[in-house]
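The values are calculated or read from the model by the stated rules, or taken from the named source; none is laboratory data. This structure is a prediction, so every number in the text was calculated from the model and none was measured. Every residue, glycine among them, receives a Cβ derived from its backbone with ideal geometry; neighbour counts consider all protein chains shown. The protein model used for the area step is the full one, side chains on, heavy atoms only, and it has no ligands, DNA or RNA in it. Shrake-Rupley method; radii C 1.70, N 1.55, O 1.52, S 1.80 Å.
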Amino acid sequence: DDYILFFSRIDRYTKGIDLLISAFERLAPEYPHLKLVLAGYEFDKFETVLSGCPPSLRGKVAYAGFVTGEERMRLLSRAKLFVLPSRHESSPISIIEAAACGKAVIVSDIPELQFVEKNGFGVSFPSGSAGGLQEKIALLLEHGNMRRELGLNGRRYAKSYLWDAIALEYETVISSLNLV
């Protein structure tokens, strides 16, 4: 579908939603059918996040709520691309889920998210830069082949997080400890 997906805690500053909305506002005139969908737990209220947005932009930004199960997979699998512009992060599962759904990923260039670009399933932009984020979104919107290639790389990367692979790795670590 014709939407960009943000899937994490709805936290305006820490998760960089302010940057995403600013970048989206600049892109919206060039992509009149494109929408932005935010999904996740409301740490900051959705209406607060949109405060200051022009009415024309408000109609293009939707809040899907805190979704799980089939709805979560539907949102991820139908998105054009996945964006997580966090200023601070650990290791969010939503990135792996987006990769498993074959989505190109855009993240900020903070150290915790370098694995995305390093493993070839996404691109990064300078943390805190709405203009940098706008450029990366435009790049992936304009280059469908690049978006698809990143998505395929993401699916390959996500396979290393299947339960069977993790169980075998865990077994190898336990065996190496010589506890018996």
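Residues of region 98-125 that are surrounded by fewer than 18 Cβ atoms within 10 Å (Cβ to Cβ) and either among the polar types (S, T, N, Q) or in contact (Cβ under 8 Å) with a residue 40 or more places away in the chain (or both): Gln114, Asn119. The set of residues from region 1-46 being charged (D, E, K, R), without any contact (Cβ under 8 Å) to a residue 60 or more places away in the chain, part of a loop (DSSP other than H, G, I, E, B) and more than 19 Å from Leu76 (Cβ to Cβ) comprises Asp11, Arg12, Asp44, Lys45. For region 51-64, the tally of residues that are touching a strand residue (DSSP E or B) at 6+ places or on another chain (Cβ under 6 Å) and either open to solvent by less than 50 Å² (accessible area, probe 1.4 Å) or assigned to a helix (DSSP H, G or I) (or both) stands at 4.
Scanning region 92-117 for residues being assigned to a loop (DSSP other than H, G, I, E, B) and over 20 Å from Gly69 (Cα atoms) gives a total of 3. Exactly one residue among Glu117, Glu47 is closer than 19 Å to Lys159 by Cα and over 11 Å from the mean Cα position of the chain (by Cα), and that residue is Glu117. Candidates Ser77, Ser90, Ser94, Ser51: the one that is more than 19 Å from His143 (Cα to Cα) and at pLDDT 90 or above is Ser94.
For region 65-86, filtering for residues that are open to solvent by 40 Å² or more (accessible area, probe 1.4 Å) and part of a loop (DSSP other than H, G, I, E, B) leaves 3. For region 120-136, check the following and say yes or no: at least one residue is under 19 Å from Leu19 (Cα atoms), aliphatic (A, V, I, L, M) and in a loop (DSSP other than H, G, I, E, B). No: zero hits.
Listed by first and then second residue, the pairs with beta-carbon distance under 9 Å, at least 6 apart or on different chains, first residue in region 141-153 and closer than 20 Å to His33 by Cα and of a type in the set (Lys, Arg), second open to solvent by 40 Å² or more (accessible area, probe 1.4 Å) and not in a helix (DSSP H, G or I), are Arg147/Lys80. Which residue, of Leu179, Leu168, Leu152, is part of a loop (DSSP other than H, G, I, E, B) and more than 24 Å from Gly40 (Cα to Cα)? Matching residue, one of Leu179, Leu168, Leu152: Leu179.
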